[in-house]
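J.: This is the structure I have questions about; it appears just below.
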Amino acid sequence: MHSGAWYVVILGIVIAAWSYDALAAAPQVKTQGPGFYRIMLGQFEVTALLDGTHPFPIETVVEGVPKSEIANDLARDFLHAPVQGSINAFLINTGSKLILIDTGAGVLYGNCCGLLLGNLRAAGYQPEQVDEVLLTHLHKDHVGGIIANGAMVFPNAVLRTSQVEADYWLNPANKPKAPAFLSTFFDAAIASVAPYVAANRFKPFSGDFELDSGIRAMALPGHTPGHTAYLIESDSKDLLVWGDVVHVASIQLRNPTASVEYDTDAPAARRSRRFALKLAADKHYLVGAAHIAFPGLGHIRQDGNMYDWVPVNYEATPAP
Ligand SMILES: [Zn+2]
């Protein structure tokens, strides 16, 4: 063949190969973007931070409602067990202080979770900037993120939770009296808080305590003995960060009687849930929920004897 003809054949093959490449299926990426979502609350900036999602074993964990009702509630919301449950935390920048409410699971829930620190950095903050860490309670998925390799993740922060909560989980004498599956929760709480205690940075508070200008603690016992919500107010805008008042919105908003086996005192947890739901609905509070689908920010609307969750409207630029 003439050398020019070879050239045409080779060029043809190259073009064909290039076209094939361009038409080949793009590989699926299968990951999400960084887990943070920002809103303004009056003068305060609030950043919801995702620690991860994990398969929540609803059918074994939810109590106080028939299994058929659980299945119906999930189906109505186009869900089926196990449902991926979010672990959310909330970072409040008041303009003078940086306050983190709950810290995710750290390494205690395995690979699903422990994403909080990466998401905090992706959101434009460093852990050294956090002035206060407020814990709603001392369960693993709220306290686990305060340490890494036994050291403080937030070395300049004061760590706070209610005194009742501290007295319960940090006292090993309570461990044998609790259900067996909670025994590692005592160990985790003690180990997580230890470096802050050693550094004299652990400062529990008592009762409905005013923590800082615009932040008030509100006792909501039952899920744990000292379970606490935080009410944040700026320019007459309110955010109720309520911790574990609701674990599965599809079930517990329609039937607030439904509890979870992690509730230390289920009747008290039910009372606290009804109180917090009615309060949020009546006062039109914005709610920050630890386990409602990320970002866990929304409103509660009363609907007869039931409640609805209305997620915040997405804003590309957070507006006051
Ligand atoms: Zn909990």
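J.: Take the range 293-308 and flag every residue that is out of contact with any Leu (no Cβ under 6 Å at 6 or more places or on another chain) and over 20 Å from S236 (Cα atoms).
T.: Once the filter is applied, which keeps residues that are out of contact with any Leu (no Cβ under 6 Å at 6 or more places or on another chain) and over 20 Å from S236 (Cα atoms), the range 293-308 yields A293, P295, G296, Q302, D303, G304, N305, M306, D308.
J.: I'd like to check something: does the range 275-288 contain any residue that is of a type in the set (K, R) and within 25 Å of I70 (Cα to Cα)? Reasoning before the result, please.
T.: Of the residues in the range 275-288, the ones of a type in the set (K, R) are 278, 283.
Remaining after also requiring within 25 Å of I70 (Cα to Cα): 278.
Yes, because at least one residue in the range 275-288 is of a type in the set (K, R) and within 25 Å of I70 (Cα to Cα).
J.: Let me ask another. Which of the residues spanning the range 292-306 are surrounded by fewer than 23 Cβ atoms within 10 Å (Cβ to Cβ), touching a strand residue (DSSP E or B) at 6+ places or on another chain (Cβ under 9 Å) and either of a type in the set (S, T, N, Q) or within 22 Å of G222 (Cα to Cα) (or both)?
T.: The one that is surrounded by fewer than 23 Cβ atoms within 10 Å (Cβ to Cβ), touching a strand residue (DSSP E or B) at 6+ places or on another chain (Cβ under 9 Å) and either of a type in the set (S, T, N, Q) or within 22 Å of G222 (Cα to Cα) (or both): Q302.
J.: Residues that are away from the ligand (no atom under 16 Å from the Cβ), crowded, with 16+ Cβ neighbours inside 10 Å, among the charged types (D, E, K, R) and under 14 Å from P295 (Cα atoms): does the range 38-57 have at least one?
T.: yes
J.: Please determine whether any residue of the range 105-115 is farther than 22 Å from F186 by Cα and touching a residue at least 24 places away in the same chain (Cβ under 8 Å). Steps first, please.
T.: In the first step, residues of the range 105-115 are kept if they are farther than 22 Å from F186 by Cα; the result is 115.
Now drop any that are not touching a residue at least 24 places away in the same chain (Cβ under 8 Å), which leaves 115.
Checked the range 105-115: at least one residue is farther than 22 Å from F186 by Cα and touching a residue at least 24 places away in the same chain (Cβ under 8 Å).
J.: Here is a list of conditions, (1) without any contact (Cβ under 8 Å) to a residue 24 or more places away in the chain; (2) within 12 Å of the ligand (Cβ to nearest atom), and M218 meets all of them except one; can you say which number that is?
T.: Every condition holds for M218 apart from (2).
J.: Within the range 221-230, can one find any residue that is among the aliphatic types (A, V, I, L, M), at pLDDT 95 or above and either closer than 15 Å to L279 by Cβ or buried (at least 24 other Cβ atoms within 10 Å of the Cβ) (or both)?
T.: From the range 221-230, those among the aliphatic types (A, V, I, L, M) are 229; that's our starting set.
Now restrict to residues that are at pLDDT 95 or above: 229.
Okay, now just the ones that are also either closer than 15 Å to L279 by Cβ or buried (at least 24 other Cβ atoms within 10 Å of the Cβ) (or both), so 229.
Yes, some residue in the range 221-230 is among the aliphatic types (A, V, I, L, M), at pLDDT 95 or above and either closer than 15 Å to L279 by Cβ or buried (at least 24 other Cβ atoms within 10 Å of the Cβ) (or both).
J.: Can you name the number of the only condition in (1) in a loop (DSSP other than H, G, I, E, B); (2) surrounded by fewer than 18 Cβ atoms within 10 Å (Cβ to Cβ) that A281 fails?
T.: Result: A281 passes all but (1).
J.: For the range 243-257, which residues satisfy the criterion of being more than 13 Å from the ligand (Cβ to nearest atom), under 17 Å from L79 (Cα atoms) and not polar (S, T, N, Q)?
T.: Once the filter is applied, which keeps residues that are more than 13 Å from the ligand (Cβ to nearest atom), under 17 Å from L79 (Cα atoms) and not polar (S, T, N, Q), the range 243-257 yields A249, I251, L253, R254.
J.: So, in the range 128-187, exactly how many residues are more than 15 Å from the ligand (Cβ to nearest atom), loosely packed, with under 14 Cβ neighbours inside 10 Å and more than 24 Å from L117 (Cα to Cα)?
T.: Total meeting the criteria: 8.
J.: Has the range 292-315 got any residue that is under 24 Å from G33 (Cβ atoms), of a type in the set (S, T, N, Q) and modelled with pLDDT of 95 or more?
T.: Going residue by residue through the range 292-315, those that are under 24 Å from G33 (Cβ atoms) are 292-298, 309-315.
Filter once more, keeping what is of a type in the set (S, T, N, Q): 313.
Filter again for modelled with pLDDT of 95 or more, leaving 313.
Taking every residue of the range 292-315 in turn, at least one turns out to be under 24 Å from G33 (Cβ atoms), of a type in the set (S, T, N, Q) and modelled with pLDDT of 95 or more.
The values are calculated or read from the model by the stated rules, or taken from the named source; none is laboratory data. All values reported here derive from a predicted model rather than from experimental measurement. All Cβ positions, even for glycine, are placed from backbone atoms using ideal geometry, and neighbour counts span all protein chains on display.
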